[in-house]
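Note sheet for the following structure.
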Amino acid sequence: MSNPSEKFDDQTRLELEAAAFRRLVAHLNERKDVQNIDLMNLAGFCRNCLSKWYRAAAEEKGQELDYETAREIVYGMPYSQWKSQFQVEPTAEQKQAFQESHKGH
């Protein structure tokens, strides 16, 4: 079976992937009620992971990007501001689910 993304030329695929990433970041910014621990427990990644992946992609292209700047791109504001405004203390259930989902990591 062929890769469905092969139906697009490289530039179109790149533009579609970039648009999808921007929409994901916008969606996460609209859903500040969804905590990172919820994302980690359900999907195995969170906003911090996206920030790390963004930074790594920049470095692969020879671009310097520090982690805090990458976080600001993903969070839409400095992480410290997002954390103080939107992050809540995880519940015991969230912590337990996180521990169970990350056994052996």
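The charge dipole of region 8-101, taken about the Cα centre with unit charges on the Cβ atoms of Lys, Arg (+1) and Asp, Glu (-1), comes to about 200 debye, rounded to the nearest 20.
Most tightly packed first, judged by the mean number of other beta-carbon atoms within 10 Å of their residues, the peptides 69-76, 88-95 read 69-76, 88-95.
Summed over qualifying helices (DSSP H, 4 residues or more, each -39500 (n - 2.57)) and divided by its residue number, the chain shows a 222 nm mean residue ellipticity of -20500 deg cm²/dmol. If you only keep lysine pairs separated by 8 or more in sequence, or across chains, how many in the chain come under 26 Å at the Cα atoms? Close lysine pairs found across the chain: 11. Couplings 3J(HN,Hα) of region 39-55, computed from phi: 4, 4, 5, 8, 10, x, 8, 8, 4, 5, 4, 4, 4, 5, 5, 5, 4 Hz, in residue order, whole Hz [Karplus 6.51 cos²θ - 1.76 cosθ + 1.60, θ = phi - 60°; x for Gly and Pro]. Note on region 1-92: Rg/Rh from C-alpha atoms, Kirkwood Rh, equals 1.04. Protection proxy ranking, highest mean first, for peptides 77-85, 55-63, 6-14: 77-85, 55-63, 6-14, where packing is the per-residue count of other beta-carbon atoms within 10 Å, averaged.
FYI, it's all coordinate maths here, none of it is from the lab. Just so we're clear, the structure is a prediction, and the values are computed from it rather than from any experiment. Note that each Cβ is placed from the backbone with ideal geometry, even for glycine, and that neighbours are counted across all protein chains shown.
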